[in-house]
1. Exactly one condition in (1) modelled with pLDDT of 95 or more; (2) of a type outside the set (S, T, N, Q); (3) not assigned by TED's automatic domain parsing to the domain that holds D146 is false for V102; which is it?
2. Do we find that R64 is outside the structural domain of S195 (by TED's automatic domain parsing), modelled with pLDDT of 95 or more and not aromatic (F, W, Y) in this structure?
3. If S264 passes every condition in (1) small (G, A, S); (2) outside any loop (DSSP other than H, G, I, E, B); (3) under 18 Å from the mean Cα position of the chain (by Cα) but one, which one does it miss?
4. Within the stretch 33-57, which residues are out of contact with any Gly (no Cβ under 9 Å at 6 or more places or on another chain) and within 15 Å of L287 (Cβ to Cβ)?
5. Within the group V310, V278, V320, which residue is touching a Leu at 6+ places or on another chain (Cβ under 7 Å) and not polar (S, T, N, Q)?
6. Given the residues S176, S163, S195, S170, which is the only one that is at pLDDT 95 or above, closer than 24 Å to D87 by Cβ, of a type in the set (S, T, Y) and outside the structural domain of P282 (by TED's automatic domain parsing)?
7. Scan the stretch 213-227 and give yes if some residue there is modelled with pLDDT under 95 and within 25 Å of D99 (Cα to Cα), otherwise no.
8. How about the stretch 90-186: which strands (runs of 3 or more DSSP E) wholly inside it have at least 1 residues that are touching a residue at least 60 places away in the same chain (Cβ under 8 Å) and small (G, A, S)?
Amino acid sequence: MNAPHRRGACPGLSAPMATGDGLLVRFLPTDGIALDAFIALCAAAREHGNGTIEVTARGSLQVRGLSTRSAPAFARAVAALEIAAADGVSVITDPLPNDPDVLVDTGGLAAMLRRVIADAHLVLAPKISVVVDGGGQLHLDALAADVRLRAVGPREAPRFHVSVGGDAASAIPLGSSSPRKVVEIVILLLGVIASEGANMRAADVLRRCGTESFYAALGEDLERAPALPPRPPAEVIGRHPLRDGSIALGVALSFGHAPADALSRGGHFATAQGARCVRLAPGRALLLLGLTHGTATALADNAQREGFIVRGDDPRRRIVACPGKPACASGLIAARALASELARHLPRPQETVHISGCAKGCAHPASAALTVVGDERGCGIIRHGSARDMPQRYVDCADMISEVVRIAGESRETLHA
């Protein structure tokens, strides 16, 4: 067992990170989790941690409240459950590989990429990531990545569109590749990033060198191609038809966290309804597979009773919050508690509201229409910026809810003026 990770690194099962409520571990399941294993995982989180389970914006699973003694025991429990999990560079794939619109086997490609990246022994920044998007309805356009691959048609001869340094809207397109060459191309692109320094990201290379370094490494392996047109936002919440005629049901965790007991009860109910497995999904969500329309309705009703999000227009979906104080050692405000209260007073916000315990903005590094950030002076208010920006004004935490509601009201009036 290694020492707890410093902040800024990625906490893993063998290298947990110290935070306000103990040690935190994170891992990315690479396949569906059988429901009996998921229920056992919830029991291990309760036994060895504080019983809080989180699903991150990128679809990883986190368990909180571990100790130096219990963290190794939790890691052993996960290993015994034989849950397939990724190690090393984060390679994120479609949450539903059997979506009828998915063009390629993204799971197989991701597994190959992980092996080849590990064998390359590149010295890369801890948060380097690769997105492999198979072209399905639950696409990955909202996720930022250092290298992005997106399968494009026709189905009989798909190609991968390759871009670097952002989400689908901001990444710089480099061109397109055949599936046969795409693994080699990813390694070449990561090699360019590594050559610029151990803490560099693709966006840093673009700012320093533009695209020249990437094209110089690729040679003739990539055909030039323009940026792809935008797609409608992906909505994981709700029902998704699968190739075999069954249904997957997407539900989200309120502000990305839930008690292990509630998740365990949901797992037992899903088992009784005939669900096959659960998959984690970007957007702090879970997908339950193997359902019929009738069992999906029953599961959604049960999930709503347990406090999970089952509607895409739930106001909690537009409010992003980190754990905040006291769960996070850096938190200066109780971000999730404030977010929960705000959701009751701010029905169906039109734009994203981010409540951050501190200026690091871990839960939502990007800009938001409205950001509330914890500070020694109270709650800093930032409009159209991120938690790292300078607040325009400060309010006492007791007044934050009314102030955000007032600002949201002004925005609606401006929109409809």
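1. So the condition that V102 fails would be (3).
2. Yes: the conditions hold for R64.
3. That leaves (3) as the condition not met.
4. I33, A34
5. The conditions single out V278.
6. Exactly one of S176, S163, S195, S170 is at pLDDT 95 or above, closer than 24 Å to D87 by Cβ, of a type in the set (S, T, Y) and outside the structural domain of P282 (by TED's automatic domain parsing), namely S195.
7. Yes, that holds for at least one residue.
8. Output list reads 90-93, 129-133, 159-166.
The values are calculated or read from the model by the stated rules, or taken from the named source; none is laboratory data. No experiment lies behind these values; they were computed from the predicted model shown. Ideal geometry is used to build each Cβ from the backbone, glycine not excepted, and the neighbour counts take in all protein chains shown.
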